[in-house]
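Below is one structure, written out as structure tokens; the observations come after it.
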Amino acid sequence: MPHLLLVATGGTIAGSAADSSDTAHYRAAALSAETLLAALPEAASIGSVSAEQLFALDSKNMQPAHWLALAQRLRERIADPAIDGIVLTHGTDTLEETAFFLHLTLPRSKPIVLTAAMRPATARSADGPMNLLQAFACAAQPEAAAHGPLVAAGDRIWRARDCRKRHSHAPDALGGIECGPVASAIGTSIQFEAAAPATAPRFGGALATALPRVDVICAYAGAPADLLEASVERDAKALVLALTGHGSVPDDWLPAIAAARAAGIAVVRASRVMAGGVAPQANFDDAAHGTLVCGRLSPWQARIVLMLGIAQGHDALQLQADLLGA
Ligand code: ASP
């Protein structure tokens, strides 16, 4: 039997409400890792399981310092020969950011499976217990390791890099935008449908001790250019512009972009549109303006790559390679 470790960080999967029909008013991160495990005796048929409560957060409060502490702890646990696989519980709100951070920083030697819930544990038809059970079933599969961190939710398993929150309240909120899952979960039977890519984590070396400030600034009709100036004044080391369409830059932002570049701040064109990303030179002369592009990443993913790349001292050329290769 494999030995699986549950690392709990909070979220709605550990949420509690006064009324079982209320899925909109509850306290996230109210139940402990031990309580979640005690409510899931079926896990014993998959493996022996131990639990660790690392944080008790509503994931809206997750900070980059938490990502670093989490990655450090998981690296230690991955190195422990007594542990075969790890399941991480997390709130859905920022799961895609934490999952992507772990995708970039953890070795791919043991299965790491994140899971979450949209309904609190006290709700009728709570989605958490089955998601957690399927996450354990996935973490017990040695072949899961090479995919990098995975997300188990609603009978499907997604690569961390591909998983987004796609709905603000429906139970089927987590999933891919332009791609399918890597595996299906039918009960506790996990069927992989895609081979693992032969890639290594982009930032698998020594972990940074701190991450620089990188801001995401969203474009919309009339969005003022002084948002960019305010970020630079507050010591942002890079700006990710969540632009309209295929990375269209408003004309009145050009002077602020030029000033940021002159101050050595990396400026990345990304898109606020859910799918497609921004390709180099599309709609804009990146070479002439000194801007970078996000490739297929979301603005939030591009921000994480920049934080890690800048912490490593990468220059603009390396940052562009990081963004396209993450
Ligand atoms: N606010 C919750 C969280 O992200 C939402 C959830 O888990 O679904 O912690």
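Worth a mention:
- Condition broken by residue 78, with the remaining ones in (1) surrounded by fewer than 19 Cβ atoms within 10 Å (Cβ to Cβ); (2) more than 28 Å from residue 170 (Cβ to Cβ); (3) of a type outside the set (S, T, N, Q) satisfied: (1)
- Some residue of the stretch 290-312 being under 23 Å from residue 205 (Cβ atoms), crowded, with 18+ Cβ neighbours inside 10 Å, in contact with a strand residue (DSSP E or B) (Cβ under 7 Å, 6 or more places away or on another chain) and charged (D, E, K, R): yes
- A single entry from 8, 18 fulfils the requirement of being at pLDDT below 95 and of a type in the set (A, V, I, L, M): 18.
- The listed residues are 34, 76, 97, and the only one of them that is in a helix (DSSP H, G or I) and under 24 Å from residue 164 (Cα atoms) turns out to be 97.
- Taken across the stretch 163-174, residues that are in a strand (DSSP E or B) and out of contact with any Cys (no Cβ under 8 Å at 6 or more places or on another chain) do occur, with at least one present.
- Only listed residue being within 15 Å of the ligand (Cβ to nearest atom), surrounded by fewer than 24 Cβ atoms within 10 Å (Cβ to Cβ) and under 19 Å from residue 132 (Cα atoms), chosen from 93, 84: 93
- Looking across the stretch 278-306, the residues that are in contact with a His (Cβ under 7 Å, 6 or more places away or on another chain) and part of a loop (DSSP other than H, G, I, E, B) come down to 282, 283.
- Considering residues of the stretch 53-71 that are more than 10 Å from the ligand (Cβ to nearest atom) and in a helix (DSSP H, G or I) only, the residue surrounded by the fewest Cβ atoms within 10 Å (Cβ to Cβ): 65
- Test: residue in the stretch 238-251 that is in contact with a helix residue (DSSP H, G or I) (Cβ under 9 Å, 6 or more places away or on another chain) and of a type in the set (D, E, K, R): no
- Applying the criterion of being under 23 Å from residue 97 (Cα atoms) and among the charged types (D, E, K, R) to the residues of the stretch 123-157, the residue that is surrounded by the most Cβ atoms within 10 Å (Cβ to Cβ) is 127.
- Of the numbered criteria (1) over 18 Å from the mean Cα position of the chain (by Cα); (2) within 16 Å of the ligand (Cβ to nearest atom); (3) surrounded by fewer than 18 Cβ atoms within 10 Å (Cβ to Cβ), the one residue 166 fails is (1).
- Exactly one residue out of 258, 185, 270, 206 is at pLDDT 95 or above, in a helix (DSSP H, G or I) and either under 30 Å from residue 141 (Cα atoms) or not β-branched (Val, Ile, Thr) (or both): that is 258.
The values are calculated or read from the model by the stated rules, or taken from the named source; none is laboratory data. Quick caveat, the model's predicted, so the values are computed rather than measured. Don't worry about glycine lacking a Cβ; one is built from the backbone with ideal geometry, like all the others, and counts go over all protein chains shown.
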